[in-house]
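> Here it is, the structure, as structure tokens.
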Amino acid sequence: MKKIFDYNKKHLIECKNLTKKEIQCFLKESEKYIKINKKKIKKTNLLNGRTVFNLFFEDSTRTRTSFEVAAKRLGADLINVSVKDSSINKGETLLDTMTTINSMSPDVLIVRHPEEGISLKISKIVSACVINAGDGSHEHPTQALLDALTIKKRFGNFKKLKIAICGDILHSRVARSNIEILTKLGCKINVVGPKSLIPKDIEKVKVYSSMKEGLKNCDIVMMLRIQKERIISKYVPNEKIYFEKYGLDYNKLDYANKNAFVMHPGPMNRDVEIDSKLADDVTRSLIQEQVTMGVAIRMACLEILINNKDI
Ligand code: NCD
């Protein structure tokens, strides 16, 4: 008998369409994996014989290895496709590559690509489950889920929490997915950054261009990297001036609540968006905890999606 989860779809593409109940389903299922990941032997056989493909068309350390660890701890076979050695370089289209891989009967395709909406397109032509591991500036659902899990473990619940998301909001799929998830869970969100890096049509949040005002009464300050690779000839701030105005250090963290925590999805640019010492201060920074929770949430995602594929 297959399990019935509150999340009953076989793809995970965007947080915009997730309900609160569905988000909670992923968070709840992760709990058992948090425990397993603390054991000496972390391997389970839940996904024995299952095949998972990592298809990363953009650089990644955390997300790619986190999915690999998650799949292997569940007993699945994980194949990393090295895009730089693939037939994409011979002119094959991305959708042809996906159709080819789909013909090998995989269970899950994990896709990172610079094109917004590409995971959705792929999900329509393959029989495998598709997980969006970041599509351009659009969404990055598992990052937002792992951030929510990190917050839940630290604060117990989401009610009354106020979170500042700071920096390059305009190009950040992490910000977009987090705003969707955290507001649905009941958090209040401030976004803080230079006007040129805030989307004009942003909704569900309060917008600030001053760290002093934006961090007031916040329990969490989530810092973002400036996505230089996505900024086309627009405003690229001088790093020193940017750090002075928007870089989070101990002084600026004092604008937030007394015991406020710092988060960052990584990779960090030390002393550009975050003070190096603060980033490493485990009494204030949840950055390493986010990585740990990432494995648990991705184990839960793989389990739930493959279960739904089987029904
Ligand atoms: C983020 C991403 O790739 O969107 N990193 C991540 O997945 N942990 C953020 C970033 O690249 O700045």
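The values are calculated or read from the model by the stated rules, or taken from the named source; none is laboratory data. Given the structure is predicted, the values throughout are model-derived calculations rather than measurements. Here the Cβ is made from the backbone with ideal geometry for all residues, glycine too, and neighbour counts use every protein chain on show. Surface accessibility is based on the protein's heavy atoms, side chains included, excluding ligands, DNA and RNA. Shrake-Rupley method; radii C 1.70, N 1.55, O 1.52, S 1.80 Å.
> Keeping to the range 85-116, report how many residues are within 16 Å of the ligand (Cβ to nearest atom) and either without any contact (Cβ under 8 Å) to a residue 24 or more places away in the chain or of a type in the set (Gly, Ala, Ser) (or both).
So the first thing to find is which residues in the range 85-116 are within 16 Å of the ligand (Cβ to nearest atom), and the list is 110-116.
Filter once more, keeping what is either without any contact (Cβ under 8 Å) to a residue 24 or more places away in the chain or of a type in the set (Gly, Ala, Ser) (or both): 115-116.
Residues flagged as within 16 Å of the ligand (Cβ to nearest atom) and either without any contact (Cβ under 8 Å) to a residue 24 or more places away in the chain or of a type in the set (Gly, Ala, Ser) (or both) within the range 85-116 amount to 2.
> Scan the range 172-212 residue by residue and report those that are in a loop (DSSP other than H, G, I, E, B), under 19 Å from the mean Cα position of the chain (by Cα) and within 15 Å of the ligand (Cβ to nearest atom).
Scanning the range 172-212 gives a single hit, Ser172.
> Quick check on Leu27: is it touching a Ser or Thr at 6+ places or on another chain (Cβ under 9 Å) and closer than 17 Å to Met293 by Cβ?
When the stated conditions are applied, Leu27 does not pass them.
> A further question follows. Take the residues in the range 55-79 that are more than 16 Å from the ligand (Cβ to nearest atom) and more than 18 Å from Leu145 (Cα to Cα), then tell me which one is surrounded by the most Cβ atoms within 10 Å (Cβ to Cβ). So that I can check it myself, show each step before the final result.
We begin by selecting, within the range 55-79, every residue more than 16 Å from the ligand (Cβ to nearest atom); these are 71-79.
From what's left, more than 18 Å from Leu145 (Cα to Cα): 72-79.
On the way: Lys72: 15, Arg73: 22, Leu74: 25, Gly75: 14, Ala76: 23, Asp77: 15, Leu78: 20, Ile79: 15.
Residue satisfying both the conditions and the ranking: Leu74.
> Another one. Hey, can you tell me all the residues within the range 117-171 that are open to solvent by 10 Å² or more (accessible area, probe 1.4 Å), of a type in the set (Gly, Ala, Ser) and within 16 Å of the ligand (Cβ to nearest atom)?
Gly117, Ser137
> For the range 130-160, enumerate the residues that are farther than 21 Å from Ser60 by Cα and outside any helix (DSSP H, G or I).
Result: Gly156, Asn157, Phe158, Lys159, Lys160.
Yes or no, residue by residue, for (1) charged (D, E, K, R); (2) over 18 Å from Ile297 (Cα atoms):
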site	(1), (2)
Asn8	no, no
Asn48	no, yes
Ser60	no, no
Arg64	yes, no
Ala71	no, no
Gly75	no, no
Leu78	no, no
Ser87	no, yes
Thr97	no, yes
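> Which residue, of Val262, Val291, Val236, Val295, is touching a Lys or Arg at 6+ places or on another chain (Cβ under 8 Å) and modelled with pLDDT under 95?
Val236
> What's the total number of residues in the range 257-304 that are of a type in the set (A, V, I, L, M, F, W, C), surrounded by 22 or more Cβ atoms within 10 Å (Cβ to Cβ) and more than 19 Å from Tyr246 (Cα to Cα)?
Here the count works out to 9.
> Residues that are among the hydrophobic types (A, V, I, L, M, F, W, C), open to solvent by less than 10 Å² (accessible area, probe 1.4 Å) and in contact (Cβ under 8 Å) with a residue 60 or more places away in the chain: does the range 214-232 have at least one?
Yes.
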